[in-house]
Amino acid sequence: MIHESPKLCLIALLAFLLPPDANAQLTKNQKEVLNAIRRNEPAPEWIEISVAQARTLHAHAEVYLRNYKSYHEPFGLTADILFSDRTLSKTEKLEGIGDAATWTGHYLAAMSFRYSCSQEFSILADLNRILDTFEILTEVTGKKKIHLTICRSSR
């Protein structure tokens, strides 16, 4: 089922951001809507979130964003990180490099949406940094329609 309503698209985004076990004080109705979206079933009418729920969801999103920036963007593009232990002090290896440009595009879209809502300069600077990385990947090949999937320092 494709949700054509922008409101349902945003609710689906909340379903993605909020893990099933997270506590955002959702009402029974809201849980039913998110579960229906997760299962690709018709969703009942959504009851708007409260200010407290919005704050909780925003806090979860900020934690995810800090985690992403700390661990999953080692060279300006998205990568999966495997750590050597639970302390997260040493990177064992990077994975998902072949899809780095694609996943970074998803991040770029999310940050574009965030910037359109907040107009924060720091988000705009982040967007420009990502676009600069894409430009480098394109210029390295010498062909405007072909780009590398990731670049990194030789150090």
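Brief remarks on what is shown
- Contact map, the stretch 103-116: residues that are over 14 Å from Arg129 (Cβ atoms) paired with residues that are at pLDDT 85 or above and surrounded by 14 or more Cβ atoms within 10 Å (Cβ to Cβ), Cβ distance under 7 Å, separation 6+ or inter-chain. Pairs shown: Arg114/Ile123.
- Meets criteria (more than 21 Å from Leu137 (Cα to Cα) and of a type outside the set (Lys, Arg)) for Ile47: yes
- Residue within the stretch 19-31 that is at pLDDT 80 or above, among the charged types (D, E, K, R) and surrounded by 11 or more Cβ atoms within 10 Å (Cβ to Cβ) present: yes
- Within the stretch 83-110, restricting attention to residues that are among the hydroxyl-bearing types (Ser, Thr, Tyr) and within 18 Å of Ile123 (Cα to Cα), the residue that is surrounded by the fewest Cβ atoms within 10 Å (Cβ to Cβ) is Tyr107.
- Filter result for Ala61 (surrounded by 13 or more Cβ atoms within 10 Å (Cβ to Cβ) and farther than 22 Å from Ser122 by Cα): no
- Counting the residues of the stretch 65-82 that are outside any strand (DSSP E or B) and exposed (fewer than 14 other Cβ atoms within 10 Å of the Cβ) gives 5.
- When Ser50 is tested against (1) over 26 Å from Gln30 (Cα atoms); (2) hydroxyl-bearing (Ser, Thr, Tyr); (3) surrounded by fewer than 16 Cβ atoms within 10 Å (Cβ to Cβ), only condition (1) is not met.
- Residue within the stretch 33-46 that is out of contact with any helix residue (DSSP H, G or I) (no Cβ under 9 Å at 6 or more places or on another chain), at pLDDT 80 or above and not in a helix (DSSP H, G or I) present: yes
- Any hit, the stretch 137-152, residues being surrounded by 12 or more Cβ atoms within 10 Å (Cβ to Cβ), at pLDDT 80 or above and assigned to a helix (DSSP H, G or I): no
The values are calculated or read from the model by the stated rules, or taken from the named source; none is laboratory data. Just so it is clear, the structure is predicted and the values come from calculations on it, not from any experiment. Note that each Cβ is placed from the backbone with ideal geometry, even for glycine, and that neighbours are counted across all protein chains shown.
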